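K.L.:
There's a structure below that I have some questions on.
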């Protein structure tokens with residue numbers, strides 16, 4: 001399987017980066033191919049709602065989403081979302097990527113798998129993780145993506161989160 005891991009923290013050496021690497025270490029141990037991309041290093045414009053993608057089949061914005069991320073998303077068998085929790089939800093860097101799924105189109109996602117790992121300051125029983133998981137479940141249902149796993153991580157317990165991220169990949 002080909003995995004596309006998208007890490008969405010503005011901190012290149014933070015918990016999200018470590019969790020993405022740990023998940024991919026698990027993939028490597030079983031021989032799967034993967035690529036990790038840092039969304040914070042890319043230029044991703046927000047969806048303007050212009051619906052040009054409905055008319056011509058493509059997003060008219062010329063950014064890293066159309067040039068790099070959309071093609072890699074289409075090519076991947078599985079998508080791995082890794083990012084921080086901000087204000088009880090998905091952080092804005094990851095949200096820019098997700099919002100642009102509309103331009104890729106539903107057919108391109110059908111049959112793919114999705115894994116999600118989100119890290120925050122609060123305990124994993126917090127409402128923020130339930131909200132994020134619920135939102136991703138609904139996105140997967142709409143796009144006919146197989147939601148394979150969700151891992152909430154409390155940053156204070158990062159070491160166990162890293163072990164769980166490796167295990168989620170297996």
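K.L.:
Taking the stated definitions as given, is residue 156 surrounded by fewer than 19 Cβ atoms within 10 Å (Cβ to Cβ) and closer than 19 Å to residue 92 by Cβ?
P.N.:
Working: surrounded by fewer than 19 Cβ atoms within 10 Å (Cβ to Cβ): yes; closer than 19 Å to residue 92 by Cβ: no.
Answer is no for this residue.
K.L.:
In addition: For the structure I just gave you, tell me whether residue 148 is farther than 28 Å from residue 58 by Cβ and surrounded by 15 or more Cβ atoms within 10 Å (Cβ to Cβ).
P.N.:
For residue 148, the condition - farther than 28 Å from residue 58 by Cβ and surrounded by 15 or more Cβ atoms within 10 Å (Cβ to Cβ) - is met.
K.L.:
Filtering the stretch 70-95 down to residues that are free of Cβ contacts under 8 Å to residues at least 40 places away in the same chain and part of a helix (DSSP H, G or I), which residue is farthest from residue 3 (Cα to Cα)?
P.N.:
The qualifying residue farthest from residue 3 (Cα to Cα) is 92.
K.L.:
Please work out which one of (1) assigned to a loop (DSSP other than H, G, I, E, B); (2) within 20 Å of residue 157 (Cα to Cα); (3) touching a helix residue (DSSP H, G or I) at 6+ places or on another chain (Cβ under 6 Å) is the condition residue 12 fails and give its number.
P.N.:
Only one criterion in (1) assigned to a loop (DSSP other than H, G, I, E, B); (2) within 20 Å of residue 157 (Cα to Cα); (3) touching a helix residue (DSSP H, G or I) at 6+ places or on another chain (Cβ under 6 Å) is unmet by residue 12, namely (3).
K.L.:
So which residues in the stretch 29-44 are out of contact with any strand residue (DSSP E or B) (no Cβ under 7 Å at 6 or more places or on another chain) and surrounded by 15 or more Cβ atoms within 10 Å (Cβ to Cβ), if there are any at all?
P.N.:
Within the stretch 29-44, 40, 42, 44 qualify.
K.L.:
Take the conditions out of contact with any helix residue (DSSP H, G or I) (no Cβ under 6 Å at 6 or more places or on another chain), under 18 Å from residue 97 (Cβ atoms), in contact (Cβ under 8 Å) with a residue 12 or more places away in the chain and crowded, with 16+ Cβ neighbours inside 10 Å and apply them to residue 17. Does it pass?
P.N.:
So residue 17 fits the description; yes.
K.L.:
Within the stretch 158-170, track down each residue that is assigned to a helix (DSSP H, G or I) and touching a residue at least 12 places away in the same chain (Cβ under 8 Å).
P.N.:
158, 161, 162, 163, 164, 165, 166, 167, 168, 169
K.L.:
Can you pull out every residue in the stretch 71-95 that is closer than 16 Å to residue 145 by Cα, over 11 Å from the mean Cα position of the chain (by Cα) and surrounded by 16 or more Cβ atoms within 10 Å (Cβ to Cβ)?
P.N.:
76
K.L.:
What are the residues in the stretch 109-123 that are crowded, with 16+ Cβ neighbours inside 10 Å and more than 12 Å from the chain's Cα centre (by Cα), if any?
P.N.:
Within the stretch 109-123, the first condition is being crowded, with 16+ Cβ neighbours inside 10 Å, and the residues that meet it are 109, 112-120.
Matches in the stretch 109-123: 109, 112, 119, 120.
K.L.:
Output the number of residues of the stretch 47-59 satisfying the condition of being exposed (fewer than 13 other Cβ atoms within 10 Å of the Cβ) and either assigned to a helix (DSSP H, G or I) or touching a helix residue (DSSP H, G or I) at 6+ places or on another chain (Cβ under 6 Å) (or both).
P.N.:
Of the residues in the stretch 47-59, the ones exposed (fewer than 13 other Cβ atoms within 10 Å of the Cβ) are 48-51, 54-57.
Narrowing the set further to residues that are either assigned to a helix (DSSP H, G or I) or touching a helix residue (DSSP H, G or I) at 6+ places or on another chain (Cβ under 6 Å) (or both) leaves 54-56.
Here the count works out to 3.
K.L.:
Kindly evaluate residue 4 against the criterion of being in contact with a strand residue (DSSP E or B) (Cβ under 9 Å, 6 or more places away or on another chain), part of a helix (DSSP H, G or I) and touching a residue at least 60 places away in the same chain (Cβ under 8 Å).
P.N.:
For residue 4, the condition - in contact with a strand residue (DSSP E or B) (Cβ under 9 Å, 6 or more places away or on another chain), part of a helix (DSSP H, G or I) and touching a residue at least 60 places away in the same chain (Cβ under 8 Å) - is not met.
K.L.:
Return the only residue of 98, 132 being within 12 Å of the chain's Cα centre (by Cα), surrounded by fewer than 20 Cβ atoms within 10 Å (Cβ to Cβ) and assigned to a helix (DSSP H, G or I).
P.N.:
Only one candidate qualifies: 98.
The numbers here are math on the coordinates, done by the rules we state, and not lab data. Small disclaimer: the values here were computed from a predicted structure and weren't measured. Counting neighbours? That spans all protein chains shown, and the Cβs are built from the backbone with ideal geometry, glycine included.
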